[in-house]
Amino acid sequence: MKIIHISAECYPIAKVGGLADVVGALPKYQNEIGADSSVIMPFYNNKFTQANKFTSIYQSEIFLGNQNVSFNILKVEGSVLEFDVFFVHIESLLYKEYVYSDDDVDRFLAFQIAALDWILTLEKKPNYIHCHDHHTGLIPFMAQESYKYESLNKIPVITTIHNAQYQGWMTYDNLYKLPRFNIEKVGLMLWDGMINPLAAAIKCAWRVTTVSPSYMEELKYNANGLESLLSAESSKTIGILNGIDSEVWNPSTDDFIIKNYKKTSVEAGKKGNKKWLCKEFNLDENKPLFAFIGRLVGEKGAELLPYAIDYALRSNDISVLVLGSGNKDTEKQLFDLIPKYAGSYNAFIGYDERLSHIIYAGADFLLMPSRVEPCGLNQMYSLRYGTVPIVRRIGGLKDTVVDIGDNGFGICHNDVSVQDILISINRGKEFYNDKKAFKVNRKQIMSIDHSWKVSAKAYIDLYNSIS
């Protein structure tokens, strides 16, 4: 079974969010169970591409409307990754220091067309094409309707929605940039008066998946305008919970963290990492450490954090550490709290992969007050590292975290509010003070299996179910 994943992100090559983690792990685990799974992605100007050597395996050009665009397909030299990754190199459009920008229409149109053009030339075609998010949303339409790709229209195309809030909207004047198709089929690309790549993918893909069962159900009433479409197409939709790469996220072998540990040595291991964090960020290692890791945006409930942290530190003997970036006002508010609560609070505005690993390893609690969380990986990472997740009951968080009050192992709340966050922090502090129960829970949560093995098999089963 040959599978080609097409994505804008793939860890460790280019990462903005959880999409990269999924595409960086799913092919590896599919290959472990006998598939031939690879990835096609853009060639960016970043640390990974600068640090490795690449071979050009194909050269051609595409027509983006009236513009001729040259592209190369590159492959990394050596055994850098555990699966094949092919790069679409278009210097004028894709070879940038960033993954996304304010105007990505031409960038990702060219990427999708070039990827399909190359697939056309393969002697052994894929059995399945698996597209990820709106950046690849027009591939199901083009593979089905463009005259150029008629020989590909019998290959099942699967689309996975990682976040339906972003849909890749573009205006009608971009229609002429696509390879020729029967104009009577244009409605397959349209939604609410615009070309909508995600809507096109939902209409044209053979199967549509999301990254957790609960998120699939939530999309039927909260999908940024696509609710009725997803309900209409529900017969071909399924939610498959993401996994995590248990080799990358393994506290016993993780090269990023200060002190490695396993379930039997979790107390000493977490203490060593917490001690480093508290020294680095001027915090008291004897207090329970609550952390937030992620984008400082409304979807994550991040604009509530400055107020919740302020109230929590006034009334609780705790420490709080934030790692993230996003909304500039939220960044400033979080940064401005540092001198007010020196010794109990700090923030790293930005992103640092190594630091994120150390925080998972050293923190006692992880805050995730999300408005939208299609799957969530952070809570799975925290469980793997013996850190108690504090989550809102939404999407994948609802599917993976059970409250301690319901004979579970985490702390859950229902609403996105300062009050709910404060109540959950207070519950966390009380739980932390019950030393015996807290230590038992740490070992239990490290035993929960959220690896990709189960999820990879579920995707293989899905492919096999397509006739």
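The values are calculated or read from the model by the stated rules, or taken from the named source; none is laboratory data. These numbers come from a predicted model, not from an experiment. Note: ideal-geometry Cβ built from the backbone for every residue, glycine included; neighbour counts use all protein chains shown.
Let's see how each residue does on (1) modelled with pLDDT of 95 or more; (2) more than 27 Å from K2 (Cβ to Cβ); (3) in the same structural domain as D36 (by TED's automatic domain parsing); (4) in contact with a helix residue (DSSP H, G or I) (Cβ under 7 Å, 6 or more places away or on another chain):
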{"site": "V85", "(1), (2), (3), (4)": "yes, no, yes, no"}
{"site": "V88", "(1), (2), (3), (4)": "yes, no, yes, yes"}
{"site": "Y98", "(1), (2), (3), (4)": "yes, yes, yes, no"}
{"site": "D102", "(1), (2), (3), (4)": "no, yes, yes, no"}
{"site": "L109", "(1), (2), (3), (4)": "yes, no, yes, yes"}
{"site": "Q112", "(1), (2), (3), (4)": "yes, no, yes, yes"}
{"site": "L116", "(1), (2), (3), (4)": "yes, no, yes, yes"}
{"site": "I119", "(1), (2), (3), (4)": "yes, no, yes, yes"}
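Tell me which residues, restricted to the range 2-19, are at pLDDT 95 or above and either crowded, with 19+ Cβ neighbours inside 10 Å or part of a loop (DSSP other than H, G, I, E, B) (or both).
Within the range 2-19, I3, I4, H5, I6, S7, A8, E9, C10, I13, A14 qualify.
In a helix (DSSP H, G or I) and under 14 Å from D133 (Cβ atoms) - does that describe any residue in the range 218-226?
No, there is no match, as no residue in the range 218-226 is in a helix (DSSP H, G or I) and under 14 Å from D133 (Cβ atoms).
Of the conditions (1) acidic (D, E); (2) over 21 Å from T253 (Cβ atoms); (3) not in a helix (DSSP H, G or I), D420 clears all except one; give me its number.
D420 satisfies all of (1) acidic (D, E); (2) over 21 Å from T253 (Cβ atoms); (3) not in a helix (DSSP H, G or I) except (3).
Going by the conditions given, is G187 in contact with a Pro (Cβ under 9 Å, 6 or more places away or on another chain), farther than 22 Å from M1 by Cα and at pLDDT 95 or above?
Taking the combined requirement at face value, the residue does not satisfy it.
Please indicate, with yes or no, whether at least one residue in the range 70-78 is closer than 22 Å to N174 by Cα and not acidic (D, E).
Looking through the range 70-78, at least one residue is closer than 22 Å to N174 by Cα and not acidic (D, E).
Does the range 48-63 include one or more residues that are modelled with pLDDT of 95 or more, of a type in the set (S, T, Y), touching a Lys or Arg at 6+ places or on another chain (Cβ under 7 Å) and exposed (fewer than 13 other Cβ atoms within 10 Å of the Cβ)?
yes
Looking only at the range 411-420, how many residues end up being out of contact with any Lys or Arg (no Cβ under 9 Å at 6 or more places or on another chain) and either aliphatic (A, V, I, L, M) or touching a residue at least 60 places away in the same chain (Cβ under 8 Å) (or both)?
Count: 2.
Output the number of residues of the range 423-455 satisfying the condition of being part of a helix (DSSP H, G or I) and either polar (S, T, N, Q) or touching a strand residue (DSSP E or B) at 6+ places or on another chain (Cβ under 9 Å) (or both).
Qualifying residue count for the region: 17.
What do you reckon, is N282 touching a residue at least 40 places away in the same chain (Cβ under 8 Å), in the same structural domain as T400 (by TED's automatic domain parsing), over 26 Å from P27 (Cα atoms) and not charged (D, E, K, R)?
The answer is yes for N282.
Can you name the condition, by its number, that N45 falls short on among (1) of a type outside the set (A, V, I, L, M, F, W, C); (2) in a strand (DSSP E or B); (3) surrounded by fewer than 16 Cβ atoms within 10 Å (Cβ to Cβ)?
With respect to (1) of a type outside the set (A, V, I, L, M, F, W, C); (2) in a strand (DSSP E or B); (3) surrounded by fewer than 16 Cβ atoms within 10 Å (Cβ to Cβ), N45 is out only on (2).
Would you tally the residues in the range 294-307 being out of contact with any Gly (no Cβ under 6 Å at 6 or more places or on another chain) and surrounded by fewer than 23 Cβ atoms within 10 Å (Cβ to Cβ)?
Counting residues in the range 294-307 that are out of contact with any Gly (no Cβ under 6 Å at 6 or more places or on another chain) and surrounded by fewer than 23 Cβ atoms within 10 Å (Cβ to Cβ) gives 6.
Would you mind stating whether S79 is surrounded by fewer than 17 Cβ atoms within 10 Å (Cβ to Cβ), more than 30 Å from Y176 (Cβ to Cβ), assigned by TED's automatic domain parsing to the domain that holds Q165 and among the small types (G, A, S)?
When the stated conditions are applied, S79 passes them.
Looking at L120, L178, can you tell me which residue is over 18 Å from A8 (Cα atoms), buried (at least 17 other Cβ atoms within 10 Å of the Cβ) and hydrophobic (A, V, I, L, M, F, W, C)?
That would be L178, the only listed residue that is over 18 Å from A8 (Cα atoms), buried (at least 17 other Cβ atoms within 10 Å of the Cβ) and hydrophobic (A, V, I, L, M, F, W, C).
If the Cβ limit is 6 Å and pairs must be 6+ apart or interchain, which residue in the range 200-219 that is free of Cβ contacts under 8 Å to residues at least 60 places away in the same chain pairs with which residue that is part of a helix (DSSP H, G or I)?
I202/L229; V208/I202; V208/K236; L219/L230
Residues of the range 195-212 being outside any strand (DSSP E or B) and either more than 13 Å from Q167 (Cβ to Cβ) or acidic (D, E) (or both), which ones?
C204, A205, W206, V211, S212, listed by residue number.
Given the criterion on the phi > 0 side of the Ramachandran plot and not hydroxyl-bearing (S, T, Y), identify the matching residue among G65, G17.
Residue meeting the stated conditions: G65.
Search the range 228-253 for residues being small (G, A, S) and crowded, with 21+ Cβ neighbours inside 10 Å, and hand back the single one that is nearest to D449 (Cα to Cα).
Looking at residues that are small (G, A, S) and crowded, with 21+ Cβ neighbours inside 10 Å, I get G243.
Restricting attention to the range 308-344, report how many residues are surrounded by 14 or more Cβ atoms within 10 Å (Cβ to Cβ) and either part of a loop (DSSP other than H, G, I, E, B) or in contact (Cβ under 8 Å) with a residue 24 or more places away in the chain (or both).
Looking only at that region, the number is 24.
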